[in-house]
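A.B. asks: Here it is: the structure, laid out below.
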Ligand code: AMP
């Protein structure tokens, strides 16, 4: 089982890439954001608990996220691996993922980091709000808060990834197709 992380700020295009990559390489796409939005939509206890944090553009607790990850991993089906999208987002989550994979004799095989200019991120999220109707994309203040949260709590993980094998940083300002082709090259050369 391969374990790939698609990394980057909100609006970088992680989700779009994850959908097509997981199809091409038979990976289970694990988007913690999508899972949480589904919980909110279904009005579950968990959904009610996380809604206001997500609406504010701040992170949901690490324990909640790790419970989600563990339960998804335990039901992995016939996939060739996992593609994490929007996870890990904190040092605690990364450490927990490393430990969990170690218990299964697995490791993070690659981290693909999309680097995108801030003005493009903001434009993309506001445009996505019109298409997908996500409340946290529609409000410019929430969009800015999410980028700020990324810079403070998530971006520092890059320093750790850079010291390991399998870290790839990619200029993500271009089209979905260009990014996809570049990522495929990375995966196929691993
Ligand atoms: P996303 O769809 O990945 O942009 O996530 C939307 C929101 O869900 C984030 O702004 C957070 O509030 C929450 N969220 C998603 N993934 C995580 C995570 N790994 N850790 C903490 N919060 C998360």
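The numbers here are math on the coordinates, done by the rules we state, and not lab data. Here the structure is a predicted model, which is why all the values come from computation and not from measurement. FYI the Cβ positions are ideal-geometry reconstructions off the backbone, even for glycines, and counts take in every protein chain you see.
A.B. asks: Counting each DSSP H run of 4 or more residues in the chain as -39500 (n - 2.57), what helix-only mean residue ellipticity at 222 nm follows after dividing by all residues, to the nearest 500 deg cm²/dmol?
C.D. replies: Rounded to the nearest 500, the figure is -17000 deg cm²/dmol.
A.B. asks: With both partners inside the chain, how many of the DSSP beta bridges are antiparallel, as a percent to the nearest 5?
C.D. replies: Bridges in the chain are about 0 percent antiparallel.
A.B. asks: A further question follows. If eta is 1.002 mPa s and T is 20 °C, what Stokes-Einstein diffusion coefficient results for the chain, Kirkwood Rh from Cα pairs, in µm²/s? List each step's numbers first, then the result.
C.D. replies: Values: Rh = 16.9 Å.
Estimated via Stokes-Einstein, D reaches 127 µm²/s.
A.B. asks: If you take the Cα Rg of segment 79-190 and divide it by 2.2 N^0.38 Å, with N the number of residues, what do you get?
C.D. replies: 1.18
A.B. asks: If you take the square roots of the eigenvalues of the alpha-carbon gyration tensor of segment 111-170 and sort them as a ≥ b ≥ c, do you get rounded (a/c under 1.5), prolate (a/b over b/c) or oblate?
C.D. replies: prolate
A.B. asks: Further, regarding this structure: I need 30, 48, 64 ordered by Cβ neighbour count within 10 Å, fewest first.
C.D. replies: 48, 64, 30
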